[in-house]
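The values are calculated or read from the model by the stated rules, or taken from the named source; none is laboratory data. Bear in mind that the values here come from a model prediction, so they are computed numbers and not experimental data. Glycine gets a Cβ as well: all are built from the backbone with ideal geometry, and neighbour counts include every protein chain shown.
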Amino acid sequence: MTGEERVFSGVRFQVVRLSQGSRVREIVRHPGSVTIVPLVDENRICLIRNYRIAVGKTLLELPAGTREPGEPPEETARRELLEETGYRAAVWERLPGFYVSPGILDERMELWLATDLTPGSPSREEGEEIENVEMSWVEIDQRIDSGEIEDAKTLVGLWHARRWLDRRRSCR
């Protein structure tokens, strides 16, 4: 028999205790999220420096955000790109999504490649400490190799985007 008991309800997620026979696990229920790879031009990506209170430091990462209830993932991606970077994208391509940390969390992150960008002013939430950083693929590789890019969604998103773009270039 399987049972689920709510242990905690927060603004963005819940913690539940699942029992399956004698196995009991606590997991985080999350509404899902998106991350965006904003391609400024063929060789530059817009990343952000974002202070993350959970780890107590500023990380270099791709723009991302949590889905609102009933919000389609593409709408979340459009909203988050504008809020965090100020960019609007004319072209959106869905890349493979992934589970963030399936051992404890059911969050599925949808990945989007945003191109044909138009700059604008970000509309960041109060208290967000975010700064745009445009980097070439060479600079990104250097930051990954040095350990400066250490955010999992960013590593996965950049990997998928590079493979996607490389395949597209090889088909030309």
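Being among the acidic types (Asp, Glu), under 25 Å from VAL28 (Cα atoms) and surrounded by 13 or more Cβ atoms within 10 Å (Cβ to Cβ) is the requirement here; does GLU139 meet it? No: the conditions fail for GLU139. Every test in (1) acidic (Asp, Glu); (2) assigned to a strand (DSSP E or B); (3) within 13 Å of the chain's Cα centre (by Cα) is passed by GLU74 save one, and that test is (2). So for the stretch 141-151 (the condition being free of Cβ contacts under 8 Å to residues at least 60 places away in the same chain, part of a loop (DSSP other than H, G, I, E, B) and either farther than 30 Å from VAL15 by Cα or touching a His at 6+ places or on another chain (Cβ under 8 Å) (or both)), does at least one residue qualify? Looking through the stretch 141-151, at least one residue is free of Cβ contacts under 8 Å to residues at least 60 places away in the same chain, part of a loop (DSSP other than H, G, I, E, B) and either farther than 30 Å from VAL15 by Cα or touching a His at 6+ places or on another chain (Cβ under 8 Å) (or both). Answer yes if at least one residue in the stretch 32-50 is of a type outside the set (Ser, Thr, Tyr), outside any strand (DSSP E or B), crowded, with 16+ Cβ neighbours inside 10 Å and modelled with pLDDT of 95 or more, and no otherwise. Yes, the stretch 32-50 contains a residue that is of a type outside the set (Ser, Thr, Tyr), outside any strand (DSSP E or B), crowded, with 16+ Cβ neighbours inside 10 Å and modelled with pLDDT of 95 or more. hydroxyl-bearing (Ser, Thr, Tyr) and surrounded by fewer than 12 Cβ atoms within 10 Å (Cβ to Cβ) - does that describe any residue in the stretch 103-122? Yes, that holds for at least one residue. Output the qualifying pairs, or none if there are none: Cβ atoms under 9 angstrom, residues six or more apart or on different chains, first residue in the stretch 65-80 and more than 19 Å from LEU47 (Cα to Cα), second residue assigned to a helix (DSSP H, G or I). Matching pairs, first to second residue: ARG67/PRO73; ARG67/GLU75; ARG67/THR76; GLU68/GLU75; GLU68/THR76; GLU68/ARG79; GLU71/ARG79.
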